[in-house]
1. Give me the percent of accessible area attributable to carbon and sulfur for region A:19-72, probe 1.4 angstrom.
2. Taking the DSSP beta bridges in chain B as the whole, what percent of them are antiparallel, to the nearest 5?
3. Do any trypsin sites (Lys or Arg not before Pro) in region A:180-234 lie in a DSSP loop with no more than 14 other beta carbon atoms within 10 Å, and if so, which?
4. Any idea what the relative contact order of chain B is, in percent, if you count C-alpha pairs under 8 Å spaced at least 6 apart?
5. Which value, in Å² and to the nearest 10, is the accessible area of B:ILE27 when all protein chains are kept and the probe is 1.4 Å?
6. Using only the heavy atoms of the protein chains and a 1.4 Å probe, how would B:VAL238, B:VAL315 rank by accessible area, largest first?
7. Output wanted: per-residue J couplings in Hz (rounded whole) for region B:223-240, from phi through Karplus 6.51 cos²θ - 1.76 cosθ + 1.60, θ = phi - 60°, x for Gly and Pro.
8. With the Cα gyration tensor of region B:49-130 giving a ≥ b ≥ c as the square roots of its eigenvalues, does the rule (a/c under 1.5 for rounded; else a/b larger than b/c for prolate; else oblate) give rounded, prolate or oblate?
Amino acid sequence: MISVKNLSHSYSNDDKLAVKNISFEIEKGETFGFLGPSGAGKSTTQGVLTGLLKQQDGEVIVAGYDVKKVQNERFNKIGVSFEQSNVYSKLTAKENLDYYAKLFDVPTRDSVELLRLVGLDGKENDMAGEFSKGMKHRLTFARSMLNNPEIWFLDEPTTGLDPAIAATIKDIIKEHAAEGVTSFLTTHNMYIADELCDRVAFIIDGVIKLIDTPKNLKLQYGQKLIDIEYTDNGKIVKETLKTVTEADRRRIGEIVNNHDIQTMHSKEATLEEIFIQVTGRELV
Amino acid sequence: MLKNVFKIFSRDLKIARRDSMALVIMIMPVLLAVGLVFFVPGLNDTTVNIALLDSDTSEHVAYLDQFAKIEVFGGENELMDRVAKRDDVAAIIPDGNGYEIILQGNEPEMVENYAKALNALYEIGATKEETTAAMYSFGHTVSPVKTMLVNMLISMIIMLSGMLIAISIVGEKSDNTINAVNVTPASQTAFVLGKSMMGGLIALLSIIASLIITGYYDINWFMIILVGLSSMLLSLIVGFVQGLASDDVIEAAANVKMIIIPIAGSIAGYELLADKWQWTMYWSPFYWAYKANMLVLSKTADWPTVLLCTGMVLVLSLAVYFFSRPKIREGLS
Ligand SMILES: Nc1ncnc2c1ncn2[C@@H]1O[C@H](COP(=O)(O)OP(=O)(O)OP(=O)(O)O)[C@@H](O)[C@H]1O
Ligand SMILES: [Mg+2]
């Protein structure tokens, strides 16, 4: 559904690149996570893919359309949720969606239902200008679903939302994935990426460091760890041991055989830890 | 495409109705028109009645009839009775080779001058095209001062149409909504046309309302609308450019207001410059628009002249458009 080859982008139109020669493919129905710290070039990439930023270099095909050519009808198949919410402050929540819906040439979803879905029921007739930041963000998110998009661009869909609402948004994204919607999801939240994405790309300073499934990454880079608590001469001792190194495995056996085990948990390395391991950088 | 133009237009209209500044801009011309009617009284009341004898040549009667309200009397006595009545009538009767003007004596000087001038024009054989617009309007029901003021009001409304666009663009910029529209099937062209329609239609309605309020019912409305729409083009372009260049509404309004300088200059040029210097104003589309409106309001316009003026307005505005188009395109993407 999305094919990107050797894409570079410079805001100043020179060799100062915000995105450097990146390539990736996204299959139909896939949820693709674009992960990286602030300023990595995530929004820039989404900008080029949605045609909002001029494509300068490389080749980008989205939903069968070459992004370089101006073909506005392609937006009937595309939904875009922006990082910074952008709604008409002098229109109500419902008016915002109804107006936007009319610009599409395809059947659109009911605005009231969408507002309910993102927890804005009861606010239909309130001016969007009076909304809180999170409410505007949800309105922007709801708007991106109006045209039942086949390809969905989500720039930081849960950032700045309280956990309950963030969970609702995650559920909505999962439902769409189950229905076969292709998503390009940008985030610096590794838990969200882990939970929602079929594959993730790590991007830093405009360069993609790797692309893989969260599961493969954990198998490859993450070492399973075991936290053991046991009593030793009446004192409680805690140790964290790797399941893959020979010495640690022997140590686990020793503890199990000779001590009274209090608790024992296995835990996986998080995507965040893997990110730090691979890129040498924190995800801030 | 058309559907989207209309959707964008109606959305902009809805937002303009909720914006206090846009609202003031929409209402102001109507208030000014009402003010013109109430505070500049007597301007409507300039019909010149001329009494003639039926022994006069039909050519003379027909000529004067173009410029004044003519009453024809069978005999000199009846004619003198008419002149003696309270209202202002000038009688013009044949006198030897020429004509004699008879007045009661209490008429304003204007009536006397007008009758004299009109008859002089007849005697030198001036045709309608050669006499000046002011002369015509003087003779018809409308005074030139009023026409001038109303024409200035129209120029102001034209400027306001650009201001509405600028306010609307600044609003989109502060809400950051241009990007949102850019990811719908609605094209940039539809966006620009929809917005222009909002500014243009409001201005057109203001012009029509102002003309009705100030009593210009029987003018050629097609001409007024044609001139109005074409002269709006430049104002709309200025609105887009300034809206995109400004960060807030006040700044945008202040920037758009600057086109009052060429507008006022064009009006002053038209009204004050001698004929042989009029060409120095030919560069200004506002000059051509003002001139065309003047002719239409004084009911002396003919289609060739109006089309020439409109053509000049369009050519000059389009030149500005092609100059500023890259700026507008860039600003909207
Ligand atoms: N409009 C702009 N003009 C110039 N430079 C820009 C612009 N927008 C972004 N940049 C630069 O491009 C680089 C990538 O920015 P981008 O917004 O794509 O990062 P991001 O990964 O989306 O970050 P975040 O997580 O903070 O949203 C940054 O160095 C940034 O300073
Ligand atoms: Mg970003």
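1. Working: 980 of 2140 Å².
Its accessible area is 46 percent carbon and sulfur atoms.
2. Here the share of antiparallel DSSP bridges comes out near 40 percent.
3. Working: sites: A:ARG199, A:LYS209, A:LYS215, A:LYS218, A:LYS224; in loops: A:LYS224.
For trypsin sites (Lys or Arg not before Pro) across region A:180-234 that sit outside H, G, I, E and B with at most 14 neighbouring Cβ atoms in 10 Å, the list reads A:LYS224.
4. 22
5. The value for B:ILE27 is about 80 Å².
6. Result of the area sort, largest leading: B:VAL315, B:VAL238.
7. Going residue by residue, I get 5, 4, 5, 4, 5, x, 5, 5, 6, 6, 3, 5, 4, 5, 4, 4, x, 5 Hz, with x marking Gly and Pro.
8. Oblate shape, in that a/c is at least 1.5 and b/c is the bigger or equal ratio.
The values are calculated or read from the model by the stated rules, or taken from the named source; none is laboratory data. Every value quoted in this text rests on a predicted model; they were computed, and no experiment measured them. Cβ sites come from the backbone with ideal geometry, for glycine too, and all protein chains shown count toward neighbours. Surface areas here come from the heavy atoms of the whole protein model, side chains and all, with no ligands, DNA or RNA. Shrake-Rupley method; radii C 1.70, N 1.55, O 1.52, S 1.80 Å.
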